[in-house]
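Enquirer: Sending over a structure as structure tokens; questions will come in a sec.
No value in this document is a laboratory result; all are computed from the given coordinates. Note that this is a predicted model, so its numbers are computed, not measured. Here the Cβ is made from the backbone with ideal geometry for all residues, glycine too, and neighbour counts use every protein chain on show.
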Amino acid sequence: MTSVKPSQLQHFINNEWHKTNGDQWIDDLNPSDVSDVIALVPAGSPDDARAASAAAAAASPGWRGLSGPARAEHLYRWAGAISDRAEELAQVMAREVGKPIGESRGEVGRCVVILRYYAGEAVREIGQVIPAQSAGSLQFSLREPLGVVAMITPWNFPLAIPLWKAAPAIAFGNTVVLKPAESSSYLATLLAETALTAGIPAGVFNVLLGSGSTVGSALLEAPEVRAVSFTGSGPVGARIAASAAARNIRYQTEMGGKNVVIVMPDADLAKAASLTAAGAMRYAGQKCTATSRVIVASEVEADFMRQLRSQIEALPIGPVTDVRAAVGPLISRASHDSITKALADANAESLFTNPVPSSAEFSNGNFFPPTVVRGGDPDGILAQRELFGPVLAAFTSEDLDHAIDIANRTVYGLSASLFTADLRAALNYINRIHVGLVRVNGDTTGVDPHAPFGGMKGSSSGSREQGPAAREFYTEIKTVQVNP
Ligand code: NAD
């Protein structure tokens, strides 16, 4: 715990620190030790949101007027500025959101890769030449930036998600207002510092802190905002989609999951158990792609569950600053309470848990024991609700058809993996599984930053982030015909 008085964070608008004109503050707590108040986050005010969107609008003509190669140079410098502070950013991430230090370091490294990738994308072709009906005419399409783009992000990938949105937006000529989650606001201000160091021009990247219901919704009302990219929970995503549709601005909403592993009788059980344990329990199950259901063929169920148990027991629970740590705390006491209540409401039958160590360093944190429960009713709470914690619901299947039926029977459609040695079964599953991220013999979590990312059904409004897919969202097409 720190004895330093927590600082009051400020918005980053037009490359300057900007005091809120609101008077409400939110405690930003270390989830491993809730007596450690990292910072005070302004709840913000609608005026703050208007100032941020006005700054982004003022910077827009200059930024979109720069050439792609010039914008690319800015992104390369930003990657360098993050790389220079990588260890500090990773340590803050571990402290602020409870991500074990190994994964925090990995996330910072990924941010550097994301910025470099989109620096490269900024110099690619921006349109197509299309034969015109009349001879002698030149017809082509151009991809142009949208203007000001709002980004509303969750706490769980506190640097990677803001950057996998902001990097393509900026690379393609947009200006940005980022509204990070309340509980990852300190890191967002450090991200702003790196943008400043990199010389990103004033107003191109702004950080608006505060509560979703106050500044998030005010940002969506700002007339300058032409699009919103949201990642977070389903109910908030639905509200944002409705508000964006009412204003006829572009939106993408990436939301929760009830991600699934299917284990076939011919699977490599050791590999399946190890990757299911990792996917379900690392970072305390707080990844949108975390494995929350496992469906096991009855013939191998006893053997698989025994191996799964030993793999889960081998994953060290905190402290998050220890490089060996795999499982950290939940983000908040509220999350701890809601998972406890969901398990009670579901009358969950526990198959096994890995208890949180009883030593003093765990006593002030939101640690939750990794838990495997019987899945029970495929339409019940354990099969359907995203708990966002280290809880895995186990189901038994008779065959592949039965497993795919259970797997597809949720409102979500983010990530799935099948463990098998049978190519025919794998192809059948790839064809029928209804998710955006399909794996065979792999973890449900993790994604390459240069590959499209997003869910189906209730997990997404349908567009894709990352990789070349991001260009679709952050640009609009103009069709031009030039006649002699
Ligand atoms: P959340 O929905 O509570 O908050 C996300 C963001 O929305 C925050 O910045 C919050 O302040 C803001 N917000 C809240 N109410 C708002 C409103 N009325 N108007 C505008 N903004 C508002 O989510 P969270 O708890 O931060 O993150 C966890 C969720 O994110 C999980 O459901 C997880 O599955 C999901 N997630 C999805 C992906 C993905 O790519 N599919 C990735 C990471 C996390």
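Enquirer: Please list the equivalent ellipsoid semi-axes of the range 259-448, computed as the square roots of five times the alpha-carbon gyration tensor eigenvalues, in descending order and whole angstrom.
Expert: 27, 17, 15
Enquirer: Let me ask something else. Relative to the compact-globule scaling 2.2 N^0.38 Å, provide the ratio for the alpha-carbon radius of gyration of the range 218-281.
Expert: Relative to the 2.2 N^0.38 Å estimate, the range 218-281 comes out at 1.79.
Enquirer: Further, regarding this structure: Once the Cα atoms of helix 185-197 and of the chain are each reduced to a long axis, what angle between those two axes, in degrees from 0 to 90 to the nearest 10, is obtained?
Expert: 40 degrees
Enquirer: Still on this structure, I have one more. Over the residues of the range 10-102, compute the C-alpha Rg and express it relative to 2.2 N^0.38 Å.
Expert: Against the empirical 2.2 N^0.38 Å value, I get 1.40 for the range 10-102.
Enquirer: Please work out how much length the chain gains when fully extended from ARG124 to SER7, using 0.36 nm per residue of separation minus the C-alpha to C-alpha distance, in nm with one decimal.
Expert: Once the chain is fully extended between ARG124 and SER7, it gains 37.9 nm.
Enquirer: State the extension gain, in nm to one decimal, for the chain segment bounded by SER233 and LEU351, taking 0.36 nm per residue of separation less the distance between their alpha-carbons.
Expert: Values: separation 118, 0.36 × 118 = 42.48 nm, distance 2.80 nm.
So the chain would gain 39.7 nm between SER233 and LEU351.
Enquirer: Tell me the label-point distance for the pair ARG409, THR321, using the 7 Å Cα-to-Cβ offset, in nm and rounded to one decimal.
Expert: Spacing of the two 7 Å Cα→Cβ label points: 4.7 nm.
Enquirer: For the chain, what does the convex hull of the Cα positions come to per residue, in cubic angstrom?
Expert: That works out to 152 Å³ per residue.
Enquirer: Then there is this: Taking the alpha-carbon centroid of each part, what is the distance from the range 32-109 to the range 179-197 in angstrom?
Expert: After rounding, the separation between the Cα centres reads 4 Å.
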